[in-house]
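The values are calculated or read from the model by the stated rules, or taken from the named source; none is laboratory data. Computed from a predicted structure; not experimentally measured. All Cβ positions, glycine included, derive from the backbone under ideal geometry; neighbour counts span all protein chains shown.
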Amino acid sequence: MNDRSLLRAIGWYRTPVIAVGLLASLLFFVPFLVVVATSWTSGSFILFPPTGFSLQWYETVLTDRQWLNSFWLSVVVAVIATAASVVLGTLGALGLTRIRSRALQRWVRTLFIAPIALPPIAYAVGLWSVDRQLPFLDDTLVSLVLGETLLAVPYVFALVSSALAGGDPSLRPAASTLGASWPMILWRIELPPLLPSILGGTLFAFTVVFDEVVLSVLLLPPGTQTLPLKMFTASQEAFSPELTAASTMVSLLAIVVLGGAQLVSNRRNRAARLRRKATA
């Protein structure tokens, strides 16, 4: 069904549906635009409309050692946790296809998806208790990385599992019959079609991990702050335009990364369609 036939099918409901869609879009974009506008103020407080125009708060954030240290700490933790979650989620999805019992498959799938339904504070308290019992974990990021990995694994697992469900299950047995070893089957047969889903899972995982603040409150070593925790602390101490400037830069960085990933995905899909047409 194309867009025109869809509009005809909606009928007189079209106007209220469009109105609701526009209102929902405003709820998403207006707060962001307000944050961006207040970061341009020349005053010392967050006011809307802003008083004057200045980029001084961006300069303050970019030259402040505390903001920069928090940003790079968040990047390091997010990269490590994302890499671990991508490996675990992908291997879990691939392993699920090798379980013959449907009942066991349901149980394993539930175990991988369950962290989405549980509050992060539950992980934070549990890992904090373990951290206190193991002195060698003091003043390390191990507990924080582990907790954020657990939060991100379900997103990778869900996307890769959905891609596997739409694949051809006979490829692996056929390759095995022809004498291919399991590493070759994994690298040449199973992983290539999953790359778009793995990339999507990576972006979801990184976004979830980078923005996580609950785990950081309990599991970070004393004297260190991730960027979300730094922003939360800044909002409690002094409601300065530094906060909206940092929020704007993080949001723009996310838009650039997601937009770049979408462009890469579109080019891959276009190239795949051209190859199919050439071979048809």
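If you take the residues of region 130-169 that are assigned to a helix (DSSP H, G or I) and small (Gly, Ala, Ser), which of them is surrounded by the most Cβ atoms within 10 Å (Cβ to Cβ)? Steps first, please.
First, the residues of region 130-169 that are assigned to a helix (DSSP H, G or I): 130-133, 135-137, 142-165.
Restricting the remaining residues to those that are small (Gly, Ala, Ser) gives 143, 147, 152, 158, 161-163, 165.
Working: Ser143: 24, Gly147: 26, Ala152: 30, Ala158: 19, Ser161: 22, Ser162: 12, Ala163: 18, Ala165: 11.
Ranking the qualifying residues of region 130-169, first place goes to Ala152.
Suppose the filter is without any contact (Cβ under 8 Å) to a residue 24 or more places away in the chain and either in contact with a Phe, Trp or Tyr (Cβ under 8 Å, 6 or more places away or on another chain) or in the same structural domain as Ser162 (by TED's automatic domain parsing) (or both); does Gly126 pass it?
Here the answer is yes, as Gly126 does meet what is asked.
Yes or no: region 112-119 includes at least one residue that is loosely packed, with under 12 Cβ neighbours inside 10 Å, over 18 Å from the mean Cα position of the chain (by Cα) and within 25 Å of Leu195 (Cα to Cα).
Checked against the condition, which is being loosely packed, with under 12 Cβ neighbours inside 10 Å, over 18 Å from the mean Cα position of the chain (by Cα) and within 25 Å of Leu195 (Cα to Cα), region 112-119 yields no hits at all.
Just checking, which of Thr51, Thr63, Thr41 is touching a residue at least 24 places away in the same chain (Cβ under 8 Å) and farther than 28 Å from Tyr155 by Cβ?
So the residue among Thr51, Thr63, Thr41 that is touching a residue at least 24 places away in the same chain (Cβ under 8 Å) and farther than 28 Å from Tyr155 by Cβ is Thr41.
Mind checking whether some residue in region 266-273 is surrounded by 12 or more Cβ atoms within 10 Å (Cβ to Cβ) and in a helix (DSSP H, G or I)?
Scanning region 266-273, I find at least one residue that is surrounded by 12 or more Cβ atoms within 10 Å (Cβ to Cβ) and in a helix (DSSP H, G or I), so the answer is yes.
Mind listing whichever residues of region 60-88 are over 30 Å from Gly201 (Cβ atoms) and in contact with a helix residue (DSSP H, G or I) (Cβ under 9 Å, 6 or more places away or on another chain)?
Thr60, Val61, Leu62, Asp64, Gln66
Does Pro31 meet the test of being loosely packed, with under 12 Cβ neighbours inside 10 Å, in contact with a helix residue (DSSP H, G or I) (Cβ under 9 Å, 6 or more places away or on another chain), free of Cβ contacts under 8 Å to residues at least 40 places away in the same chain and not hydrophobic (A, V, I, L, M, F, W, C)?
no
Checking Ser39 against (1) more than 17 Å from Leu253 (Cα to Cα); (2) of a type outside the set (Phe, Trp, Tyr); (3) surrounded by 13 or more Cβ atoms within 10 Å (Cβ to Cβ): exactly one of these is not met. Which one?
Unmet condition: (1).
Please state which of the following conditions Arg106 fails to meet, knowing it meets all the rest: (1) in a loop (DSSP other than H, G, I, E, B); (2) farther than 26 Å from Val213 by Cα.
The single condition Arg106 does not satisfy is (1).
For region 198-218, give me the residue count where each residue is crowded, with 21+ Cβ neighbours inside 10 Å and either more than 20 Å from the chain's Cα centre (by Cα) or among the small types (Gly, Ala, Ser) (or both).
Result for region 198-218: 3.
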